[in-house]
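The values are calculated or read from the model by the stated rules, or taken from the named source; none is laboratory data. These numbers were taken from a predicted model, which means no experiment stands behind them. Positions of Cβ are generated from backbone atoms using ideal geometry, with glycine treated the same way; all protein chains shown enter the neighbour counts. With ligands, DNA and RNA removed, areas are computed over all heavy atoms of the protein, side chains included. Shrake-Rupley method; radii C 1.70, N 1.55, O 1.52, S 1.80 Å.
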Amino acid sequence: MTERQAAAEIERLSAEIRRHEHAYHVLDRPETSDAEFDGLFETLVELESRYPELAGADSPTRRVGSDLTQELPEVEHTVPVLSLDKAYDMAGVERWMAKARAADPATAFVVEEKIDGTSILLHYRDGVLERAVTRGNGRTGNDVTANVRTIRTVPLRLHAPETLAVRGEIFIRRGAFEVLNAGVETPYANARNFAAGSLRRVKSRDVAAVPLEIFVYEGFMADPPPTHTALLSQLRRLGFRVNPATAVIREDAASADRSNGFAVIDTAAAAKYVAERAAARPNLAYDIDGLVLKVDRLAAREAMGSTEHHPRWAIAVKFDAPEGVSVVRSIQVQVGRTGRVTPVARIDPVPIAGSTIANVTLHNQDYVDSLELAVGDTVAVSKRGDVIPAVERVLEKDPEGQPVWRMPPECPSCRSTLTVQGAHSFCPNSGCRDQVRGRLRFFIARDQMDIAGLGPATIDLLVDRGWVRDVADLYRFDPERLLGEEGFGERSVAALAAGIEASKAKPFAIVLAALGLPELGPKVTDLLLQAGFRDIDSLYAAVDSGDPEVFTGIDGIGERTAASIMRHLRRPDPLTGSRMATWRATPRGLIAALRARGLRFAVEPAGTDGEQPFAGQTWCITGSFEAFKPRALAAEEIRMRGGTVTGAVSGATTHLLAGNGGGGKATKAEAAGVLIVDERAFLRLLGRSAG
Ligand SMILES: [Zn+2]
């Protein structure tokens, strides 16, 4: 085959593939079998690999994306990107319609679904997709062309060599979102953020794996037709996908009318139509957050013009009650006890669902990027039930045009250069003050060590003074140093010293969970103790065996948890061990230090005579208790006396310790003839009175 023949063959194959893609994805009318299509596609891939210089930017093979990482450079918008004014009820819509008729008495209105996706601008030159740009801050957006090329409903070449720009919405169907979002480390809050996040992936091949779609709803060209509906139908002829659920509201419409292929509704029925669309929303395959009404005649649009923020010729009808609307005043980063660095938006306080919200977590850079959020933006803030508040979307860009917020390169607390793991940024310095503060606050919390006389404010003071640099320092530092600090006298210092001393008697299960090692919370700690790991040395031995099955063999412990235990409790390498400060920063080093100070790292037998009155008994615990907070304290009492504690009532269960509100297990135990013990009886068994 000569190069010339190859070029002709590539052009012929490309045209045929484009035709099939358009029929399948845009028109939803497949003309070929999948196998036939794949055959054409593979032939083209093969030809292009032999003649790479003949493969054009608009070749259908571009749809599969690339593994190369790309920058998503900022580019300036050349067509206006305005947001829409909003109405929350039909009265608001009718006021707007009246204003539009005052400007153009003959005008019709186009009603479109407001797809809850991410907005995109597509630029075509001579019919070929040249550039795709996100909305960004309205002035500049990110060039995501390679990623957009992978979206099958975006034409890479139009049916005519037009030079134009279109605006559309990229989205993912709910079903596909639910499948792809299940089981990921940090799931997206909704399909919109998922679509926006996908569009910004650095490898276009990753984007190709996500079934993104587009509906196009605006066109910008040299000689537009006189109406919006005619323009939409022209875009459709060029190969764009226009939402078929688009209608025209017109005076004196007959029910059978169509206008440029769109349904026509009489003005008198407009309110009914809007209500019907709102009611149909849960049954749609994709999310919409309302409808958009636009003036149909483009000349009338011109005459009506725009305010500083909105075009006057369009309005969004929102279905939901307004969420909290606020302005992002600043974005600060917080360093957690694990070193994870989280951006938090400080917003003007806004009441939502009974509480006043002033701080909203933004999770990580990906989340901020998917919102394209900048300081100064007006945002919708939601609070669903007990869930932490979330920034749902940007409603209005800051007119100053601030850039999308970026994570600073350094830890705000210790100035270490941040590292990135997955979607999150971390401060790598375990001695970082904010991390230390976080670990100490966690260690002393009520559900953990619950040290009497020691609260978060005191922790902050100890860390700020540099007296305490890790958890073990709590047991080294002299509380008398606090004398003279504001709020501390002889009595409070003595109470603190006594509280710290008393905490050394806290059971192993509590101490281990209080260290805050990833995946080693109270539940997993309990499972480990049930499985017979009654001291830290037996855990070390299991970790040192290098066999995760020691842990995955325990019902309730999965591979991820096992891997995390193996990683965090592993023996530090000898080089690390030789330097005391670094050794202490490892979990084993910290545990050794705490052990040396007298904290418990083994289940202690009760009394010095080693009496085991609960030997041979299997206890299950349910409900909550006055004298045992958290419940693990009761479990420890049982273990100290030789008993076994399990998580569920089974045939082996001999006793059920029943606290307040433990309904299900008590019923089951009763049916199984298990001895049920209440808190008073339990205290008597322990030789303590219920005071
Ligand atoms: Zn730091």
> So for the range 618-685, what percent of the C-alpha to C-alpha distances run longer than 21 Å?
Replying inline: 12
> Expressed as a fraction of 2.2 N^0.38 Å, the rule-of-thumb size for a compact globular protein of N residues, what is the C-alpha radius of gyration of the range 325-426?
Replying inline: 1.07
> Roughly how big is the chain's charge dipole about its Cα centre, with Cβ charges of +1 (Lys, Arg) and -1 (Asp, Glu), in debye to the nearest 20?
Replying inline: 1380
> What figure in square angstrom, to the nearest 10, would you give for the accessible area of K506 with a 1.4 Å probe?
Replying inline: 40
>> Quick check on the range 593-645: take the gyration tensor over C-alpha atoms, sort the square-rooted eigenvalues as a ≥ b ≥ c, and tell me if it's rounded (a/c under 1.5), prolate or oblate.
In response: oblate
> In nanometres, what is the gap between the two model label sites at D28 and A505, each 7 Å from Cα along Cα-to-Cβ?
Replying inline: 7.2
> To the nearest 0.05, what FRET efficiency results for A452 and E410 with a Förster distance of 30 Å applied to their C-beta separation?
Replying inline: 0.20
> Viscosity 1.306 mPa s, temperature 10 °C: Stokes-Einstein D of the range 85-318 from its Kirkwood Cα radius, in µm² per second?
Replying inline: 85
> Looking only at Cα atoms, what is the convex hull volume of the range 508-596 per residue, in Å³?
Replying inline: 89
>> Can you sort V325, V341, V375 by solvent-accessible area, 1.4 Å probe, largest first?
In response: V325, V375, V341
> What accessible area per residue, rounded to a whole number of Å², is obtained for the chain using a probe radius of 1.4 Å?
Replying inline: 47
> What Cys residues in the chain have no fellow cysteine's beta-carbon under 4.7 angstrom?
Replying inline: C620
> Between L656 and residues 5 or more places away or on another chain, which pairs have amide H atoms under 5 Å apart, with H built 1.01 Å from N, and which residues are they?
Replying inline: C620, L675, I676, V677
>> How large is the translational diffusion coefficient of the range 3-64 in µm² per second when you combine the Kirkwood radius over alpha carbon pairs with Stokes-Einstein at 20 °C and 1.002 mPa s?
In response: 181
> What is the Å³ per residue value for the convex hull set by the Cα atoms of the chain?
Replying inline: 236
>> Not counting ligands, DNA or RNA, and with a 1.4 Å probe, what is V26's accessible surface area in Å² rounded to the nearest 10?
In response: 30
>> Give me, ordered by chain and number, the residues 5 or more places off I347 or on other chains with an amide H under 5 Å from its own placed amide H.
In response: R329, N359, V360
> Which Cα, out of V379, S413, L395, lies furthest along the positive dipole direction of the range 325-426 (beta carbon charges, K/R +1, D/E -1)?
Replying inline: S413
> Taking Cα centroids, how far is the range 321-366 from the range 68-132 in Å?
Replying inline: 28
> Please report, for the Cα atoms of the range 433-503, the Rg to one decimal and the Dmax as a whole number; what are they, in angstrom?
Replying inline: 11.0, 30
> Over the Cα atoms of the range 135-210, what Rg and Dmax result, in angstrom?
Replying inline: 14.0, 45
> Helix-derived [θ] at 222 nm for the chain: sum -39500 (n - 2.57) over DSSP H runs of at least 4, divide by residue count, nearest 500?
Replying inline: -9500 deg cm²/dmol
>> Suppose the Debye formula is applied to equal point scatterers at every Cα of the range 80-176; what is log10 I(q)/I(0) at q = 0.10, 0.18, 0.23, 0.24 Å⁻¹?
In response: -0.41, -0.97, -1.17, -1.22
> Which value results for Rg/Rh of the range 1-106 when Rg is the Cα radius of gyration and Rh the Kirkwood radius based on the inverse mean 1/r?
Replying inline: 1.26
> Using modelled amide H (1.01 Å from N, peptide plane; none on Pro or chain starts), what sits under 5 Å from the amide H of Y286, excluding residues fewer than 5 places away?
Replying inline: R174
>> If you roll a 1.4 angstrom probe over the protein chains with everything in place, what fraction of the accessible area of the chain belongs to carbon and sulfur, to the nearest %?
In response: 51
> Rounded to the nearest 10 Å², what accessible area does W405 show when all protein chains are kept and the probe is 1.4 Å?
Replying inline: 30
> Mean separation of Cα pairs under 8 Å and 6+ residues apart, divided by the residue count of the range 508-596: what relative contact order is that in percent?
Replying inline: 23
